[in-house]
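Since the structure comes first, as structure tokens, the remarks are kept for the end.
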Ligand code: EPZ
């Protein structure tokens, strides 16, 4: 049975949407549980397919996983018997590569697999592997297996990242937690997910300072204890619904957010002409879309810059914003796969390398489009909310990976959105 998402224009989105826990933090917190033998409870996990894949990887390695409710798990890793990860599960989700650091730390050894690239780029892991070598591990790359041997024991070291890679920062931080001595990571990624992971590890007894800045210091400890942690809100999911409000000239209250994680998104929506109000506790944001959204230039950058994960959503907004806009993607080498889909809907976009020039049009026109990655898939839905006629978004599996309960969340805001099942 195949399916597609049918979207029809239905006026401005109005109402409230509650944001789920951050996928890109929850996956790493789960991997980090491998670092301790004690019981750990993690709550506000988004019940997404990728989270289930990570739980499957942990259980394959010997984790005892108890699901307390839809968004809470209790994990005990006192009986991890294997450091060889399951290739068929690892290939399902590149983020599972982040178990390498914890396994290396716990066992002094890990056998994982070269994560597949995906539509947005080759996604190498050279920075991760260089970091492990700096800690004294030996890396051997087979046909697709990566054997990281730290059986001589890991020793803290100064590490410089050529690029502030989120995954490399997380993997190396977790490899350093039980190493002997102190590790510094310079030019580290500063994304809030890094801080969420460091806060979690410090609760378990790790000694990490500077997470969220360019320099992270990890003082190795003998072992970690147990504890519990609540996953931070998903800033990219929040940004997606905020842009949807701006697209439809709507009035939407986004709840359970951390406004400080959304500063570039708030600034750019205001530049586009939207009204954006933050409540006193800075955990709710109201977005009122402009009658005439205005063209603007956007450039994606590592945090605290505008996140690459909101680039396709903002580009969709710019296709119906009055005037000429320029979008520059500096994080991934091929993150314009959504351009062709928007062009099918009569958007006026010309790309040249990692730059896209957009001329705002009065109307997009609905047609058949496909999700090329999870954020591009969400952008097809946003386009369908305002396009004339019916938009049918195919390859919906991408969207389920990053947007928990998106069908209900959009419908509760008044969107005319249905999941249509089709006999093959
Ligand atoms: C994380 O991917 C996120 N995924 C991505 O979100 C996000 O787009 C990205 O960070 C940037 O913010 C998860 O957290 C699961 P990177 P990651 O390592 O860690 C290059 C989504 O939509 N690089 O910061 O893989 C790499 O090729 C996903 O939720 C190297 O060259 O991102 C890319 O061009 C998509 N060598 C750039 O760095 C390396 O060893 C950023 O990659 C590692 C990365």
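The values are calculated or read from the model by the stated rules, or taken from the named source; none is laboratory data. Here the structure is a predicted model, which means the values were calculated and not measured. Cβ atoms come from the backbone with ideal geometry, glycine included; neighbour counts cover every protein chain shown.
Out of the residues in segment 91-110 that are under 15 Å from residue 32 (Cβ atoms) and within 17 Å of the chain's Cα centre (by Cα), state the one that is nearest to the ligand (Cβ to nearest atom).
Only one residue tops the list, namely 95.
Looking for something modelled with pLDDT of 95 or more, in contact with a strand residue (DSSP E or B) (Cβ under 6 Å, 6 or more places away or on another chain), farther than 26 Å from residue 257 by Cα and not in a strand (DSSP E or B) - is there at least one such residue anywhere in segment 200-208?
Within segment 200-208 (the criterion being modelled with pLDDT of 95 or more, in contact with a strand residue (DSSP E or B) (Cβ under 6 Å, 6 or more places away or on another chain), farther than 26 Å from residue 257 by Cα and not in a strand (DSSP E or B)), the answer is no, since none of the residues qualifies.
Can you name the condition, by its number, that residue 153 falls short on among (1) at pLDDT 90 or above; (2) more than 9 Å from the ligand (Cβ to nearest atom); (3) surrounded by 18 or more Cβ atoms within 10 Å (Cβ to Cβ)?
(3)
Mind listing just one residue for me: the one in segment 299-330 that is touching a helix residue (DSSP H, G or I) at 6+ places or on another chain (Cβ under 7 Å) and part of a strand (DSSP E or B) and, of those, nearest to residue 347 (Cα to Cα)?
Only one residue tops the list, namely 325.
Name the single residue, out of those in segment 159-175 being without any contact (Cβ under 8 Å) to a residue 60 or more places away in the chain and surrounded by 24 or more Cβ atoms within 10 Å (Cβ to Cβ), that is nearest to the ligand (Cβ to nearest atom).
Going through the qualifying residues, I end up with 168.
For segment 320-340, enumerate the residues that are over 20 Å from the mean Cα position of the chain (by Cα) and touching a residue at least 40 places away in the same chain (Cβ under 8 Å).
Listed by number, the residues that qualify are 320, 321.
Could we say that residue 333 is surrounded by 15 or more Cβ atoms within 10 Å (Cβ to Cβ) and either part of a helix (DSSP H, G or I) or within 16 Å of the ligand (Cβ to nearest atom) (or both) here?
So residue 333 does not fit the description; no.
Can you report the number of residues in segment 357-395 which are in a loop (DSSP other than H, G, I, E, B) and surrounded by fewer than 21 Cβ atoms within 10 Å (Cβ to Cβ)?
Result for segment 357-395: 8.
Give me a count of the residues in segment 178-200 that are in contact with a helix residue (DSSP H, G or I) (Cβ under 6 Å, 6 or more places away or on another chain) and more than 14 Å from the ligand (Cβ to nearest atom).
Total meeting the criteria: 3.
Can you tell me which residue among 23, 49 is under 25 Å from residue 103 (Cα atoms), at pLDDT 95 or above and within 16 Å of the ligand (Cβ to nearest atom)?
Answer to the selection: 23.
Any residue at all in segment 350-367 that is within 15 Å of the ligand (Cβ to nearest atom) and either over 27 Å from residue 4 (Cα atoms) or out of contact with any helix residue (DSSP H, G or I) (no Cβ under 8 Å at 6 or more places or on another chain) (or both)?
yes
If I ask for residues that are crowded, with 16+ Cβ neighbours inside 10 Å, more than 13 Å from the ligand (Cβ to nearest atom) and modelled with pLDDT under 95, which ones from segment 111-144 would you list?
Hits for segment 111-144 are 111, 112, 113.
Taking the stated definitions as given, is residue 88 loosely packed, with under 15 Cβ neighbours inside 10 Å and within 21 Å of residue 227 (Cβ to Cβ)?
For residue 88, the condition - loosely packed, with under 15 Cβ neighbours inside 10 Å and within 21 Å of residue 227 (Cβ to Cβ) - is not met.
Out of the residues in segment 1-20 meeting the condition of being more than 16 Å from the ligand (Cβ to nearest atom) and assigned to a loop (DSSP other than H, G, I, E, B), tell me which one is nearest to residue 196 (Cα to Cα).
Out of the qualifying residues, it is 13.
Please pick out the residue among 29, 89, 45 that is in a helix (DSSP H, G or I) and closer than 21 Å to residue 193 by Cβ.
Of the residues listed, the single one that is in a helix (DSSP H, G or I) and closer than 21 Å to residue 193 by Cβ is 29.
I'd like the full set of residues that are assigned to a loop (DSSP other than H, G, I, E, B), touching a strand residue (DSSP E or B) at 6+ places or on another chain (Cβ under 8 Å) and surrounded by 24 or more Cβ atoms within 10 Å (Cβ to Cβ), limited to segment 211-231.
231
Determine which single condition residue 66 fails, assuming it passes every other condition in (1) over 29 Å from residue 220 (Cβ atoms); (2) outside any strand (DSSP E or B).
Of the numbered conditions (1) over 29 Å from residue 220 (Cβ atoms); (2) outside any strand (DSSP E or B), the odd one out for residue 66 is (2).
Inside segment 69-86, can you point out the residues that are part of a loop (DSSP other than H, G, I, E, B) and out of contact with any helix residue (DSSP H, G or I) (no Cβ under 7 Å at 6 or more places or on another chain)?
70, 71, 78, 79, 81
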